[in-house]
Amino acid sequence: MVSNYGSFWCLQLIFLYVLMCIASDHHPKQHLDVYGNTFEQQLSSLVLDVLLPVGFEVERFTKLPYLSEGDMYHSYYVLYDAVFVLRPVVTQCQCGD
């Protein structure tokens, strides 16, 4: 089977480095330039500010619930994942002949 798709991604949005760093000893090695306060704003920012500049376009995406381990205040937390099927953007080389 031949696929024209370049990548399959799953990313938790609303993306908050602060919560991840405070809640654990796991710190990111690299930050993504994702902005916005809502799932939709961050999804748009991810596509425009991260995926398109590195050469991917979104073929399909969906929003799925993600149940996270709770703490002493809540049994669990409901977060949301964005799942993408990405395709590399084909650009024509404008090489000088």
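The values are calculated or read from the model by the stated rules, or taken from the named source; none is laboratory data. Treat the numbers as computed from the prediction; the structure is a model and nothing was measured. For neighbour counting, all protein chains shown are included, and Cβ atoms are generated from backbone atoms with ideal geometry for every residue, glycine included.
Given (1) out of contact with any Asp or Glu (no Cβ under 8 Å at 6 or more places or on another chain); (2) assigned to a loop (DSSP other than H, G, I, E, B); (3) at pLDDT 85 or above, identify the lone condition not met by Tyr35.
Here Tyr35 clears every test but (1).
So which residues in segment 47-56 are on the phi < 0 side of the Ramachandran plot and out of contact with any Leu (no Cβ under 7 Å at 6 or more places or on another chain), if there are any at all? Explain how you work it out, then say what you get.
Going residue by residue through segment 47-56, those that are on the phi < 0 side of the Ramachandran plot are 47-54, 56.
Answer for segment 47-56, where residues must be on the phi < 0 side of the Ramachandran plot and out of contact with any Leu (no Cβ under 7 Å at 6 or more places or on another chain): Val47, Leu48, Asp49, Leu52, Pro53, Val54.
Which of the residues spanning segment 49-82 are aliphatic (A, V, I, L, M), under 20 Å from Val34 (Cβ atoms), out of contact with any strand residue (DSSP E or B) (no Cβ under 6 Å at 6 or more places or on another chain) and exposed (fewer than 13 other Cβ atoms within 10 Å of the Cβ)?
Listed by number, the list holds a single entry, Val54.
If you scan segment 59-80, which residues turn out to be under 20 Å from Ser7 (Cβ atoms), out of contact with any Lys or Arg (no Cβ under 8 Å at 6 or more places or on another chain) and either at pLDDT 85 or above or among the aliphatic types (A, V, I, L, M) (or both)?
Within segment 59-80, Arg60, Phe61, Thr62, Lys63, Leu64 qualify.
Could you list, in sequence order, the residues of segment 52-74 that are without any contact (Cβ under 8 Å) to a residue 40 or more places away in the chain and either of a type in the set (Ser, Thr, Tyr) or not in a strand (DSSP E or B) (or both)?
Matches in segment 52-74: Leu52, Pro53, Val54, Gly55, Thr62, Ser68, Gly70, Asp71, Met72, Tyr73, His74.
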